[in-house]
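The values are calculated or read from the model by the stated rules, or taken from the named source; none is laboratory data. Since we're looking at a predicted model, the values are computed, not measured. Don't worry about glycine lacking a Cβ; one is built from the backbone with ideal geometry, like all the others, and counts go over all protein chains shown. Calculation scope for accessible area: heavy atoms of the full protein, side chains included, ligands and nucleic acids excluded. Shrake-Rupley method; radii C 1.70, N 1.55, O 1.52, S 1.80 Å.
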Amino acid sequence: MEDCIFCKIANGEIPCGRIYENESFFSVPDKNQKVPGHSLIISKRHFKTTLDLPTTSGKELLDCIKKTAMKIIKKQKAHGFNLVNNNFPAAGQIVQHVHYHILPRKKGDKSPFVY
Ligand code: 5GP
Ligand code: ZN
């Protein structure tokens, strides 16, 4: 989709090192790291929100989430992670192309993420 920043990353127009990818999803570091290791799972095709994703893509989405989270946990020596998905601007979605944040957490850290 024209002028979609995540479509440009998906098709290589904007170079961005990938953490992991499968047929339908890939992951990259977020350019504004809320915590060290903050990463995004992004769909290769343009869909606006989770509600637009085909149900059949669930397996690949979970695969990308798990592989990415495990790599980041290892690299950051984290003890856990938050998985965040904002849908529609009212819920804080800024980029209108479906994506999932992975935020690594450490015991006793001062991160504001509580859900
Ligand atoms: P949202 O609020 O839509 O859930 O989050 C969008 C996220 O995309 C933000 O955390 C923002 O830092 C990230 N982001 C925006 N533009 C780019 C970009 O060009 N590259 C990367 N890697 N992340 C981006
Ligand atoms: Zn897009």
Tell me, please, whether a residue that is open to solvent by less than 30 Å² (accessible area, probe 1.4 Å), in contact with a helix residue (DSSP H, G or I) (Cβ under 6 Å, 6 or more places away or on another chain) and farther than 22 Å from Glu2 by Cβ can be found in the stretch 79-92.
-> no
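Name the residue that is farthest from ligand 1 (Cβ to nearest atom), counting only residues in the stretch 24-37 that are open to solvent by less than 60 Å² (accessible area, probe 1.4 Å) and not hydroxyl-bearing (Ser, Thr, Tyr).
Looking only at the stretch 24-37, we keep the residues that are open to solvent by less than 60 Å² (accessible area, probe 1.4 Å), and these are 24-28, 30, 35, 37.
Narrowing the set further to residues that are not hydroxyl-bearing (Ser, Thr, Tyr) leaves 25-26, 28, 30, 35, 37.
Working: Phe25: 14, Phe26: 11, Val28: 5, Asp30: 5, Val35: 11, Gly37: 13 Å.
The extreme case among them is Phe25.
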Filtering the stretch 1-37 down to residues that are among the aliphatic types (A, V, I, L, M) and more than 12 Å from the chain's Cα centre (by Cα), which residue is nearest to His79 (Cα to Cα)?
-> Val35
Scanning the stretch 38-65 for residues that are touching a residue at least 24 places away in the same chain (Cβ under 8 Å), farther than 17 Å from Asn87 by Cα and either open to solvent by 50 Å² or more (accessible area, probe 1.4 Å) or over 11 Å from the mean Cα position of the chain (by Cα) (or both) gives Lys44, Ser57, Glu60, Asp63
The lone condition Glu21 fails out of (1) closer than 23 Å to Tyr115 by Cβ; (2) open to solvent by 50 Å² or more (accessible area, probe 1.4 Å); (3) acidic (Asp, Glu) is (1)
Taking the stretch 1-23 and keeping only residues that are in contact (Cβ under 8 Å) with a residue 40 or more places away in the chain and near ligand 1 (Cβ under 8 Å from one of its atoms), one is left with Ile5, Phe6
Across the stretch 86-111, what is the total count of residues that are in contact with a Ser or Thr (Cβ under 6 Å, 6 or more places away or on another chain) and closer than 21 Å to Arg18 by Cβ?
-> 2
